[in-house]
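What follows is calculated from the coordinates using simple rules that are stated; it is not laboratory data. Note that the structure is a prediction, hence the values are computed from the model and not measured. Note that each Cβ is placed from the backbone with ideal geometry, even for glycine, and that neighbours are counted across all protein chains shown.
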Amino acid sequence: MLDKLPERVSVYEVSARDGLQNEARPVPLDAKIRLVRALIESGLQRIELTSFVSPKWVPQLADATDLVAAIGQPEGVTLSALCPNTKGFERASDAGLQEIAVFLSSSETHNKKNTNKSIEQSLRVFAEVVPAAKQANMRVRAYVSTVWGCPYEGEIDSARSLQITKELLDMGCYQVSLGDTIGVGTPLQTRRISDVFLNELDQERLALHLHDTRGTALANALVGLQMGFRHFDASVGGLGGCPYAPGAAGNLATEDLVFMLHGMGIETGVDLPKLIEAGRVAEAVVGRRLPGKVHQAGLPALRT
């Protein structure tokens, strides 16, 4: 399969939202601004900034409007924010964002714990949000979580995840990111899930969002790459997790993904040394050691 690898892969950076939302210690606005600017400096062109949710549920992201205003609209960079409902979309639109993201789970139990709604209720909300966003000339991305497994329901039927994904695409979402929310995926399972989705949907409309809870995220990313995926979510330093998925440790580290891709001759548009610097900023922002392997080891000094 190695002869089928692409020339270029798109990296969607989620550390400023998915990475920071779980942090117990409040992260000041100026620290978030430093992190996002470092990410932009590294060459990342797709960055999820924040989430327009009630501060009651995610107090860490209460400064969403201020963060969007501070960052502005950097040339060549698409900035996005997670929006759970119409009110969130309206706030994002008022802030001037050009893209939003909606989210739900393929597990009924996880979706209720995460959003306080059934899957059907979430889809009904998005059936209002997505067309309204498109009418406002905003693009909409979607997340479907727990595709590889749920902490409450166990293994998830891929046919159910596929059907939800199709409904989101039919609503007008330009892309759906498939999540291994608790990091239970193995390479053969990823191959099987990839077959289910890529046999029916174009790869440009799909992305992978892999967590490294059990150390398999990069292996799963490689399998997804070989199967045909060209879009991957990642978080600098491996920052992140999910507050409604017990044991869901950090995301796939952006540096690890980019290091692997560049080593395979695949372009990303990212300056890896500058990305490593952004990881150091992220570590300073949260005040703790981050788990990413390249973040910790740095780049190899190879002798020739």
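Quick notes
- Cα Rg, Dmax, the chain, angstrom units: 17.8, 60
- Normalised contact order of region 1-84, rounded percent, pairs of Cα under 8 Å and 6 or more residues apart: 35
- For HIS262, HIS211, order by how many other beta-carbon atoms lie within 10 Å, fewest first: HIS262, HIS211
- Segment GLN163..ARG205, full-extension length gain: 13.7 nm, with 0.36 nm per residue of separation and the alpha-carbon distance subtracted.
- Most mobile of LEU20, LEU168, LEU188 in a GNM of the chain (Cα contacts under 10 Å): LEU188
- Rounded to the nearest 20 debye, the dipole size of region 2-297 about its Cα centre is 480 debye, using +1 on the Cβ of Lys and Arg and -1 on the Cβ of Asp and Glu.
- Toward the positive end of the charge dipole of the chain, with +1 on the Cβ of Lys and Arg and -1 on the Cβ of Asp and Glu, the farthest Cα among THR268, MET171, ALA284 is that of ALA284.
- With R₀ fixed at 22 Å, the C-beta to C-beta distance from ASN116 to ALA62 puts the FRET efficiency at about 0.70.
- Gap separating the Cα centres of region 29-82 and region 152-183, nearest whole Å: 25
- Highest-fluctuation residue, ASP18, ASP256, ASP170 considered, GNM on the chain with Cα pairs under 10 Å: ASP170
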